[in-house]
Each structure stands twice: as structure tokens, then as C-alpha cells.
Amino acid sequence: MTECRCKGAMLAMVVAGVTASACISHAPRRTFDSLDPGSNLPEYCGTRQTTGDTTKNAEDCGVRTPHIASDSVCTSIPQLTAVGAAGDLHRQRVSCVSHERHEAVEKSATSLPHAGFDLHVLEFDDEGQPWNRDLQDRAFEVIRQQLSEPAVVLGFVHGWKNDASVCNGNLSCFRDVLEILAKAETAFSMLPRPADAGVTTTPIAPRRVVGVYFGWRGGTIKTRGIKQVTFWGRKHTAHTIGDNGGVTNAIERLRAMVINSRGSGVKTPGQALRTTSLVMVGHSFGGALLYSALATSLNAAVGEAIQKAPGAEATRARAAMETGARRSAPEKSLALPAGGGDTGPVEVDSSGDLVVLVNPAMEASRFANLHRASKLQFTSTQVPIFVTLASEGDSAVGGFFPIGQAFSTIARSARSREIWFSMVKGFGLYEPYHTHRLVLKPATDVPEREEVSGECRCKSNMGKFGDPLVTRLLDLYKTLDGTPDEEMLRLAGYQEMLYSRLEPVRDVDPNNPFIMASVDPAVVADHNDIFNPRFVDFLIEFVVRSELKRGLSNQYGQRRLR
Amino acid sequence: MTRARAVLSAACLALMMPAVVPVASAQPACLTIKGVTPANELAALLDVANTIELTEDGRKALEQMPLAYVQVEYQAGAGGSAAASASNQAYVRLLEDPPAGNSSRQNDRAATRFTFTREGRYTLQLRRAKEFGWPNTDGKGEPAPGCALQHIKVKAGPRVGDFSGTSGQWWLAYRPATRVEAGGSIFFKRVGFALSVEANVPRFIGDRDDPSNFNPVTVATEVRWRGSRGYLGGSIRYYPDEEEGLEQYRFGFVAGEELPSFKGLPIWLVADLRLDDPKVTFWRELSFSLAFRFDLPGSRP
């Protein structure tokens, strides 16, 4: 019994420690508010004043980008990763602001050129509210002005044990990815094009690359061993942040700006790659956060699409959904009705562009309704909306997560064994929901993994792989600039990329906008191996094809491609 | 008369055969579905992950070409009237040998997994290619010469509820920090009976003559009720050595939660709340422990 009491005391101490730590260290990392004492503005940042005026400065950073001087800083990846006191000073300077303007890079013997990029950090507290609402409003105003030109907006929501610190591992890798995108856009813009196509002449201006990093308190304790117990608290917090509206609000503002900036319809397929697009990526608990923020609108869009499907077809589609929802074990009604073409087709609104979850750390049961939708037939103009990619080598979600779930769902019942498994298994690891598998191509030139260390450096050295990747992607861009093969645009069909291939593992509609793919560990080795050239290549190629399809969809309206 | 009727029936059947067995018998079947009886007309169950494999004839048909694709095409419903509609869809998957030394990709051993989600008829076609060419039109290669176009009839399987019939399990379990357990159980629908033996390892390997080294091994029987998440039950544990102030037979409450399986073998999280001595202040005599249980091959949940 004494032993038992000791254990109890130790447990109480751990719980107290976790609770205290969770309460004490709640402060932003980048979006400080000098008027808010809780914002913990570092001394070296001084008191900043904001005028609210945006300025355009052609010389500053070499990037013609709207910005607010007091909210932004001119920087570059070499400056951020510099060793020594100069590097430390620069990192301090960057850590005081939420908008990084990355300098343009000229072509050199060692690097491809790019036109610079912007990185905005938006931070949210544990209740899902912006840490600094004024700053966030100003950031959106700057982004709105930046989107006056065609741009690629890439949003990233980090996961467990990460945050928005200037040298956070996820943020450092995100910068590398943005730089690769900037290089790709510049390379694409410089491709020779016939001037008589009636569309454009050589060269065209590269699209601006705008990164938006959604920061939240992904970790509360850094002590080894103990930080694992933050699992339940951080998972709950991620869903709370997603549910409470702040992130949804921010994403919808981005969407609205992107849609406004697109203007009128696209005229040619190639031009689709020159209009503004938005891609949101969430990793781990960041995937959970992102899904919580968007699940309602996704499900609403599916419901609306089914109701809008024409006449008798809609009735059948609704019946397929309803009978699917009633089942708990394999039965006849689960199947798409024989002669599946009669079921739809439906078209789900895709104005929000693409949402990608990578190794999301949440339960699979949250996907149940969208899984029903993935059984429908879609129009050939349907654009991909929601992609989940989960590594088969992800032991955190595959092994640890179900144990955590077994405790956190203690007061909930499951009406069947199948549903129970969907409650404890990871979102992307529940086999009955898999529609695809992403597998490494047996190519011989797949880049080997690397690991580097250093301040503000991406651990997987993603930046190093950027130039070869962009060079190889040019072939794809050349293909896409003309009229692409229709097979390539059935994005839920079989797709081959440079290093990987996406294969359907069930007969979902090839235009299905909801892809749930398990990922070969050779592509994504584990939970955190998301910034590697094999996977980044897949993401870029998939996004490019989605953009192209959106352009074609706009062009042809509801006309079938096939 | 009866004989004449039989002959007529046989003749009719012979005439009808081509309609239900559309595979040209002269050409070999290059693909097969694992676990499904190899026949000219394969039948597969709805919503079940199948493994499509190359046959020996299929390997020969590749003729040194390194890439083999299978094209799965839906052929509309049982009536087949809409066979030519736009709903026909082709799904392509690559069949390949696994790369050396990478055990994580064993599923790719000249095979691929595919789930049919619609009732009706599908066709399988083996294609071959020299190199990756997708997404060009010929990127998925050419049909492998000499291979029959294989037809599959997909139908829904019988609906079976959870925990019907009789099932048995046997397992090893680890109860931190020092105890291990072996046991077995049998369930009749949702009600089960279990017997387990638990060893306290330091005591088990320690000096058996030491009077403080008692009860290295205990035995428990349990009655369990199976639910969707796992089971709940009651146990009686027998302690062979007498301990001062404690009962030799101790009652407990057990709960097990089934976790996702590892390599096909179920894993369980098991909780045990035991009453060491029934007193008025019984809460002081409760001991709680958790265990991880690993079911062994042959167990059926």
C-alpha cells in the first residue's frame, strides 16, 4: 500500500507540473502586443509603433511587396541560418515581427533564381483567438494588397510540440518549401512560350509566393519524457482552437481574398497556373485543428451538392448517403448502386481550394460522413478538395495515439466493433476509409535522406533538394502549359509523380474530391518526415494539377471533359 | 421423356455458357485474386480488400518487361444494360516486386490490393510497359499478349453481426513493472470465460525458500461480457501462499479495450481492480493495475 501511495504522489506531482506549466507558459512567440502585459514582449524588441499604413518599397529586400514597416522585416534563409553573433542578432530582429519578407535571389552557379516570398505568422491562443487581433487585421490587409497580383498562398498549421518561434523546426522547413515554390514559379515564368497564343508573351511575371504559418501552443513542456503526457491536453486544445472560430475566420478571410483576386474566369489551361490559389496544409495536431476548423463547411458543401444534384439522380444519391449512414457492417446498401453512373453525378463547391492533412493526429471516426460522400459519383469538372496522407511508418499516430484514445474516450460508447476502431485509429490509418495509396516509384534517382543541425535550419535539409526538384519539375510545367492529358486531371485516378505514384485502392470515382491515402514509409518514413523531397514533390505536383483542373473547370463549366 | 428433357437442359446450358463465362478459354488467366477460387469467372466480395496477383502465365506474358499494370474496369450493374455508359471507369495499379530489404512494402510483391465497392461485373486486364510513361496515353503500357480479359462478379457478402458464434483467444500479457501473464478464453457470443496464470518475475526467479518470497505465481478465472470496445468482467484470483491479513481468493473487476492490431494480431489494454481484503474500509484494500495483452496467432476476437 505504501508503494501505491508513492505512485499516487508521483502521479499527482506530474499532473500538477503539467497543469502549472500549461498555465504559466501561455504567451505568443511572434505576434506580440506591446500594450498587453501577457504578451511577454522580449526586451530586445523594444516598443513598436504601428501606423497602419502599408508602403511599397521597390528597393527594400529587392521584393516589391506591400508591407507595414513595424510589422515586417527583410530577411533571407542564409541570414537566418548564419552562425555567430550576427546571426543571433538577425534572428532576434526577425523574432520581433510577424511578417518576413524574403529577398529575391539572382541566378548563380549554386542556386536557381527566385523573386522572393513573404511569410506571415498568425498566432492563436489556447481558446482559438488571435493573440494580437490588430496585428492579424493588419496582416490580412497586407495579404490583400499582395494578392493584387497572381499568387500562391500556402497555409501551414503545425502540430504537437511545435510553435511559431522564429527557429522552430516546422517553421524553418516551411521557409525552405516556400523558397522552392518561389523558384518553381520563377522557372515556370521563364519557360519559352509562343507569343501568338493570344494569351501571353515571354516572359511572364512569376506568381508571388505567400506563406501563412498558423501558430498555436503545440507544446507546453519541453522536459524529455514528461512532454509526452501533454498529448491529451494538446489534442483537446487543437480541436478547441479549430472549433472556436478564430482559425475558421482567418481561413475564410484568406479564401475570400483569393477568390476576389482571381477575378473573372480563366481562359486557357496554362493560365490556371497563373491565377491565385490557396492550399492549406495541416500536420499532426495541426491537421486536427485544421479539420475541426473546416469540417463543418466541408460537410455542408457535400450536403448542398447532393441536394442540388438534378432530379431523380439526387434522390438516388441521397439514398446512397442515407443507407450508407445506417450500416455498421458490410451490407448491400453500402455499395454504390449497380450501374454506378446513375447515382450522381454531384459537384461539391471547391471555392476553398485544396486542404491537405499530413499524418493528422485525430480519430478516424471524424471522417465517417465524408467517407460516405467519397462513394458518390462526381462530375468530371470536380476539383480535389480534401486530401489526407498518412504514413504507414507513423508510429506516433499508429501506436501511441490509439492508447491515448483508449483513455480519452473512456466515457463514450461504440455501437459496433468497426466504429470502435474508427474511434481509436488515426485519421489516415483506418483501412476501411482508404481510397488510395501513395507509393515510391522504383526509380534509381530518389534522393537520399539527410540530416543537418544548426540555428533556424530545416533538419531534413529540404532547401538543398529544391534546385534539382525544380529542374525536374520543368518538364511537367512544359506539359501543363499546353493542353494536358485528360487522364492526368482525373486526380483520384492513377497518378504518377517524379518520385511517387498515387494509386486508387478501391473503385472510387476518378474525380472524387476526397482522397484518403496511406503513404509508403519510403515516401514519408515517420510522423515528422514530411519535409523531404519525395513528399514535397508529390504535394507540388498534385497542387499544380489541381490548379490546372480548376482552370479547365472554369473554362468548360459543367461540360464533361470526357 | 425425362431423359430427353435432361439432354435438352444440358444443351440449353451449353448454349448459355458463353453468356456467363465470357473469358476466351484458349487464353490463359494472367491474374488471380488471392483467396478466391481460381476459375474463369472469379467472384469477389463487396468492400473487402482483395489482393490481385500475377499468375505464372502472367509472368511469362510480361516477357522481361519490368513494369506490370493491372487495369480494373467496372462494367456496370448485374443487368449489364449500361455497360457502355460513361460510368465505366478504369483503375490502374502497378504490380511490382518489392525492393530488396524493405519489408514495409511486402504488399507490392507482384501484387496489389484493391477493394470493389460496387456490385456488378468488373474486368481485369494485365498490361506491361518498359518504363514509366504516365500520364501519357500509353503510359500504362500495352495489354500483355496472350492474356485473357478476366471477368469478376462482385457481390455483397452475408451480413454478420459482431461476436456471433463461438470464438477463442489465447494471449501473453505484460503488467508493469514485473508481472507477465499467459491465458486463454472462450466466448459464446458475448459471454466468455477466461483462465490466466500470472508470474511475478523477480519472485519467480528469486529464492523460493525465502519466506518473504511468496506468491510468485497466481491463477485467475474470469467471467466476461464482450462489448464493442472490449470486455467487462469479474475475476477471482487465487494466491497459493497465505499472506497475513489477506484472503487467498481475491475478487476483482476487469476491463479490456481492444486496440488496433499489430501485424494482424490484436493488442489489448487491460485494467484490473482487485479487492485484497474485504473490510468495511474496503477502498484501502483496492489495488489497481494496467496491462498490455498481445493475442497470439489463432485467436479470433
Exercise. Please work out if A:SER416 is over 28 Å from the mean Cα position of the chain (by Cα), modelled with pLDDT of 85 or more, of a type outside the set (A, V, I, L, M, F, W, C) and surrounded by fewer than 24 Cβ atoms within 10 Å (Cβ to Cβ).
Key: yes
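Give the residue, chosen from B:GLY183, B:GLY168, that is crowded, with 17+ Cβ neighbours inside 10 Å and modelled with pLDDT of 90 or more. Outline the logic, then answer.
Working: B:GLY168 fails: crowded, with 17+ Cβ neighbours inside 10 Å.
Within the list B:GLY183, B:GLY168, the selection yields B:GLY183.
Listed here are the residues, each with its yes/no results for (1) out of contact with any helix residue (DSSP H, G or I) (no Cβ under 6 Å at 6 or more places or on another chain); (2) more than 10 Å from every other protein chain (Cβ to nearest Cβ); (3) at pLDDT below 90.
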residue	(1), (2), (3)
B:GLY206	yes, yes, yes
B:ALA220	yes, yes, no
B:VAL223	yes, yes, no
B:SER235	yes, yes, no
B:GLU258	yes, no, no
B:SER261	yes, no, yes
B:ILE267	yes, no, no
B:GLY298	yes, yes, yes
Quiz item: How many of the residues in the stretch A:367-378 are open to solvent by less than 20 Å² (accessible area, probe 1.4 Å) and more than 9 Å from every other protein chain (Cβ to nearest Cβ)?
Solution: 7
Quiz item: Does A:GLY393 meet the test of being under 19 Å from A:VAL523 (Cα atoms), under 23 Å from the mean Cα position of the chain (by Cα), open to solvent by 10 Å² or more (accessible area, probe 1.4 Å) and more than 7 Å from every other protein chain (Cβ to nearest Cβ)?
Solution: no
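Return yes when B:SER289 is of a type outside the set (D, E, K, R), under 18 Å from B:ARG224 (Cβ atoms) and in a strand (DSSP E or B) and no when it is not.
Values: of a type outside the set (D, E, K, R): yes; under 18 Å from B:ARG224 (Cβ atoms): yes; in a strand (DSSP E or B): yes.
Yes; evaluated as a whole, the condition is true for this residue.
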Quiz prompt | the stretch B:138-164, subset within 30 Å of B:THR32 (Cβ to Cβ), open to solvent by 20 Å² or more (accessible area, probe 1.4 Å) and of a type in the set (Gly, Ala, Ser), residue farthest from the other protein chains (Cβ to nearest Cβ) | solution = B:GLY146
Exercise. Kindly indicate whether any position in the stretch B:281-290 is in contact (Cβ under 8 Å) with a residue 24 or more places away in the chain and acidic (Asp, Glu).
Key: no
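So, in the stretch A:228-246, how many residues would count as being within 15 Å of A:ASP163 (Cβ to Cβ) and either open to solvent by less than 20 Å² (accessible area, probe 1.4 Å) or not in a helix (DSSP H, G or I) (or both)? Write out each step before concluding.
Step one: filter the stretch A:228-246 for residues within 15 Å of A:ASP163 (Cβ to Cβ), giving A:230, A:233-234, A:237-238, A:241.
Pick out the ones that are also either open to solvent by less than 20 Å² (accessible area, probe 1.4 Å) or not in a helix (DSSP H, G or I) (or both) and you get A:230, A:234, A:237-238, A:241.
Final tally of qualifying residues: 5.
Of these, A:ARG550, A:ARG534, which one is among the basic types (Lys, Arg), open to solvent by less than 30 Å² (accessible area, probe 1.4 Å), within 22 Å of the chain's Cα centre (by Cα) and at pLDDT 90 or above?
Step by step, each of A:ARG550, A:ARG534 is checked, and only A:ARG534 is among the basic types (Lys, Arg), open to solvent by less than 30 Å² (accessible area, probe 1.4 Å), within 22 Å of the chain's Cα centre (by Cα) and at pLDDT 90 or above.
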Quiz item: Which pairs do you get when a residue that is open to solvent by 50 Å² or more (accessible area, probe 1.4 Å), found in the stretch A:216-227, comes within reach of a residue that is assigned to a loop (DSSP other than H, G, I, E, B), reach meaning Cβ atoms under 8 angstrom, with the pair 6+ apart or on two chains?
Solution: A:LYS227/A:LYS161; A:LYS227/A:GLY219; A:LYS227/A:THR220; A:LYS227/A:ILE221
Self-check item: Residue that is modelled with the lowest pLDDT [pool: residues in the stretch B:109-135 that are under 10 Å from B:TYR69 (Cβ atoms) and of a type in the set (S, T, N, Q)]
Solution: B:THR112
Practice problem: Considering each residue of the stretch B:190-216, count those that are without any contact (Cβ under 8 Å) to a residue 24 or more places away in the chain, outside any strand (DSSP E or B) and surrounded by fewer than 17 Cβ atoms within 10 Å (Cβ to Cβ), and give that number. | Solution: 11
Quiz item: How many of the residues in the stretch A:135-159 are touching a Ser or Thr at 6+ places or on another chain (Cβ under 6 Å), assigned to a loop (DSSP other than H, G, I, E, B) and surrounded by 23 or more Cβ atoms within 10 Å (Cβ to Cβ)?
Solution: 1
Quiz item: Before we move on, is B:GLN71 open to solvent by 50 Å² or more (accessible area, probe 1.4 Å) and modelled with pLDDT of 60 or more?
Solution: no
Quiz item: All but one of (1) within 9 Å of chain B (Cβ to nearest Cβ); (2) surrounded by 20 or more Cβ atoms within 10 Å (Cβ to Cβ) hold for A:THR479; which doesn't?
Solution: (2)
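Could you list, in sequence order, all residues of the stretch A:29-63 that are part of a loop (DSSP other than H, G, I, E, B), touching a strand residue (DSSP E or B) at 6+ places or on another chain (Cβ under 9 Å), surrounded by 13 or more Cβ atoms within 10 Å (Cβ to Cβ) and modelled with pLDDT under 75? Can you show your working first?
Within the stretch A:29-63, the subset part of a loop (DSSP other than H, G, I, E, B) is A:29-36, A:40-42, A:46-54, A:56-59, A:63.
In the following step, the residues that additionally are touching a strand residue (DSSP E or B) at 6+ places or on another chain (Cβ under 9 Å) were identified as A:29-31, A:54, A:56-57, A:63.
Retained after the next criterion (residues that are surrounded by 13 or more Cβ atoms within 10 Å (Cβ to Cβ)): A:29-31, A:54, A:57, A:63.
A:THR54, A:ASN57, A:VAL63 - these are the residues of the stretch A:29-63 that are part of a loop (DSSP other than H, G, I, E, B), touching a strand residue (DSSP E or B) at 6+ places or on another chain (Cβ under 9 Å), surrounded by 13 or more Cβ atoms within 10 Å (Cβ to Cβ) and modelled with pLDDT under 75.
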Quiz item: Of all residues in the stretch A:438-468 being open to solvent by less than 80 Å² (accessible area, probe 1.4 Å) and within 14 Å of another protein chain (Cβ to nearest Cβ), which is modelled with the lowest pLDDT?
Solution: A:ALA443
Quiz prompt | Scope the stretch A:403-417; condition at the interface with another protein chain (Cβ under 8 Å from one of its Cβ atoms) and touching a residue at least 60 places away in the same chain (Cβ under 8 Å); matching residues | solution = A:ARG415, A:SER416
Quiz item: Which residue pairs have Cβ atoms under 6 Å apart, sit 6 or more places apart or on different chains, and have a first residue in the stretch B:217-233 that is within 13 Å of B:GLY183 (Cβ to Cβ) and a second that is assigned to a loop (DSSP other than H, G, I, E, B)?
Solution: B:THR218/B:TYR239
Quiz item: Is there a residue in the stretch B:83-90 that is within 11 Å of chain A (Cβ to nearest Cβ), open to solvent by less than 50 Å² (accessible area, probe 1.4 Å) and modelled with pLDDT of 80 or more?
Solution: no
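Looking at the stretch B:44-59 only, could you name the residues that are in a strand (DSSP E or B) and either more than 14 Å from chain A (Cβ to nearest Cβ) or modelled with pLDDT of 80 or more (or both)?
Answer for the stretch B:44-59, where residues must be in a strand (DSSP E or B) and either more than 14 Å from chain A (Cβ to nearest Cβ) or modelled with pLDDT of 80 or more (or both): B:ALA49, B:ASN50, B:THR51, B:ILE52, B:GLU53, B:LEU54.
The values are calculated or read from the model by the stated rules, or taken from the named source; none is laboratory data. Everything numeric in this text was worked out from a predicted model, so none of it was measured. With ideal geometry, Cβ positions are generated from the backbone for all residues, glycine too; neighbour counts draw on all protein chains shown. Calculation scope for accessible area: heavy atoms of the full protein, side chains included, ligands and nucleic acids excluded. Shrake-Rupley method; radii C 1.70, N 1.55, O 1.52, S 1.80 Å.
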